[in-house]
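Structure record follows, encoded as structure tokens.
Please treat every number below as a calculation from the coordinates, not as lab data. Bear in mind the structure is a predicted one, so any value in this text is a computation, not a measurement. Glycine also receives a Cβ, built like all others from the backbone with ideal geometry; neighbour counts cover every protein chain displayed.
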Amino acid sequence: MKNLNQYLVLILGLFLTIGILNSCVKEDEVSITEPSRYTQSDVKSYGDLFKVFWTVMDRNYNYFYEQKRQDGLDWNAVYKEYYPKFLALKTYNKDTQFNDQDIQEDRKKAIQYFTDIIDPIIDRHFTFSVFLPSSKGSANTQVSFNGGMKTKKNNIYDFYDKRVYMLDKLQNGYDTNTNVPGLGAFILMGGALKSNPDIHYISFNAFAVVASQINLQDKYAIPTPDDKSLLTIAEIDASKELNMIKDLSEREKGRAEVVGILKQYQASLISVAPEINNFNDQVSIFKTTEVVSDTFLNVTNKIYPNVEKLVDIDPASFLNVLKVALADPSRRPLLVWFFTRMNAGAYASMYKFRVDVEKILVNGPFYQKFLNPLHKGNIKKLIIDLRGNGGGAVIDFRFFVERFVTKNTVWGYQRTKQGNGRFNYTPWVPMQAKPHQFALPANIPIVILTDKGSVSMSEMSTMMLKSQGPQVISIGDFSYGGTAGLGNSDDFNSGSRDFIPDVMSFYMPLMATKDINGNVIEGIGVKPDIYVTPPTDAEVEALRSSPSTFTDRVMVEAVKYLSSK
């Protein structure tokens, strides 16, 4: 779960409440250089490798207090035990002095040492990667470690298999597939259960629901012919970029290409103009109600064929055209100038218009069949299936999760580090839920489905919604237990995204989290109200190979529970 600092920025400025570590490790044994300032040449041995790792953890890890209290983890004892062991490994980047067998034996020992050290770490977002030598003359290869890595994970259902299974069981449904930068395909699906139409089901593969948001301008305007920002054919003809093409035949080809794009774009604008006022009227209604009406969809569908023709005046399209032009470098300056010019004026705003129109058509069904009925009170019972959902963007709290919130509540606490000392923490700061502007009007029975694939935002959302009262319960397996807040360590004095190229890297959350009852559930997970044993190997295979005859035991329990409400 990325950028949680955006959600809890009030942590900044809070006072130190826990004492400074009185370390028994001598200061001259551990370098104070920050890892981001190291280079590959600074780490010359396995001993150096361990000291940098230990120091970064000592300064930035957020759960040492809990681990010492609950598990007896003594980080100083880790140093005293393992530094001599790493120091005894002699082959790090010294392949001219040792043979492959020696190098591989040291590598194997280093992997075992790091595994034994990191396996007890309860922070389930934490990952440490290190590049270790494997043979003479070869580049060091990466090995990654995380807490709980020795523990066998419970089975979970693959989201895509589950999607195939559930789509056949829904009516009046929606199923959207959106490409989200950094994530790839974001899939959101839902609808009323055919067997129990009073129960609505919704599921998605990651917390990127905000990608389904229809976010419109107040008004869209078609550029008029006297708009001085509009590119003209006369300006193209006078451009130095066109006239610098010496070959007249190539110059004419280049001119024809850009003039053709310009004329296509101008024709599209003219064809859109008659419907723009009707469209703006519907936009005005949507901005105050969030309702996607049939009239709004009809107007949008009517305007779309002409809007669709608007040229992609954006960086991606620009680069694609340049790739095509590589075969003819003489026209490249013209294309660069043309797309830069188009992207600077009124034409650029029309590209945004096309994107927004497409958003309405793609995500309109989600609004019509879920968000709007939810706000109107037409959805009476709800299953939110977060099984296999690995988390995502914290902004989904605001856009999506708080739609199910009916009252302001504290649902958990977070803290960060105050200084470099191991136990220099800020106070625990409450995290609060508040209703969305278009939230459901009154409480309804809600069942959240969880398993060991429910991570981060899935767990935080479950905690938030269960704070609303007994009408919200969770069913299934314990969640993963990865609730620590992610973000940029520059914003807080904890966490680490530091790396030494070709040596090591850290992925360490900057915040610690505990639930409303004061329990740290990192490495444990949110306890379900109704526990259902995880799927067996045979059930996982049956869902994949025979979805039409498969029975989902967790869904059976959820339907049974909601049918009694």
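Each listed q (0.13, 0.14, 0.19 Å⁻¹) maps to a log10 I(q)/I(0) for segment 22-145, found by the Debye formula over equal Cα scatterers with no solvent: -0.55, -0.63, -1.13. Using a simple spin-label model with pseudo-atoms 7 Å out from Cα toward Cβ, Val362 and Asp218 lie 2.7 nm apart. Entry note, the chain: the mean residue ellipticity at 222 nm calculated from DSSP H runs of n ≥ 4, each adding -39500 (n - 2.57), is -11500 deg cm²/dmol after division by the residues and rounding to the nearest 500.
In this label model, Ser195 and Asp537 are separated by 2.8 nm, measuring between points 7 Å along each Cα→Cβ vector.
Descending by average beta-carbon neighbour count within 10 Å, the peptides 437-448, 500-511 line up as 500-511, 437-448, the highest first. By DSSP, the beta bridges lying fully in the chain are antiparallel in about 65 percent of cases. If R0 equals 56 Å, the separation of the Cβ atoms of Glu250 and Ser545 corresponds to a calculated FRET efficiency of about 0.45.
Starting with the highest mean, order 76-84, 226-234 by the number of other Cβ atoms within 10 Å, averaged over the residues of each peptide. Write down the numbers at each step before the final one.
On the way: 76-84: 15.2, 226-234: 11.8.
Output ranking for 76-84, 226-234: 76-84, 226-234.
Within the straight-line cut-off of under 21 Å between alpha carbons, the lysines reachable from Lys80 are Lys26, Lys44, Lys51, Lys68, Lys90, Lys108, Lys109, sequence neighbours fewer than 8 places apart in one chain being disregarded.
Neighbour counts of other Cβ atoms within 10 Å put Asp71, Asp537 in the fewest-to-most order Asp537, Asp71.
The long axis of helix 294-307 is offset from the longest Cα principal axis of the chain by roughly 80 degrees. Extension gain for Asn301 to Asn278 (0.36 nm times residue separation, less C-alpha to C-alpha distance): 7.1 nm. Between beta-carbons, use under 9 Å as the cut-off and find the net charge around Lys162, counting Lys and Arg +1, Asp and Glu -1. Charge balance in the 9 Å sphere: -2.
Normalising the average separation of contacting C-alpha pairs (under 8 angstrom, six or more residues apart) by the number of residues puts the relative contact order of the chain at 21 percent.
Over 30 Å apart at the Cα level, from the set Lys85/Lys514; Lys150/Lys560; Lys466/Lys560, are Lys85/Lys514; Lys150/Lys560. Once the chain from Ala185 to Lys90 is taken as fully extended at 0.36 nm per residue, the excess over their C-alpha distance is 29.6 nm.
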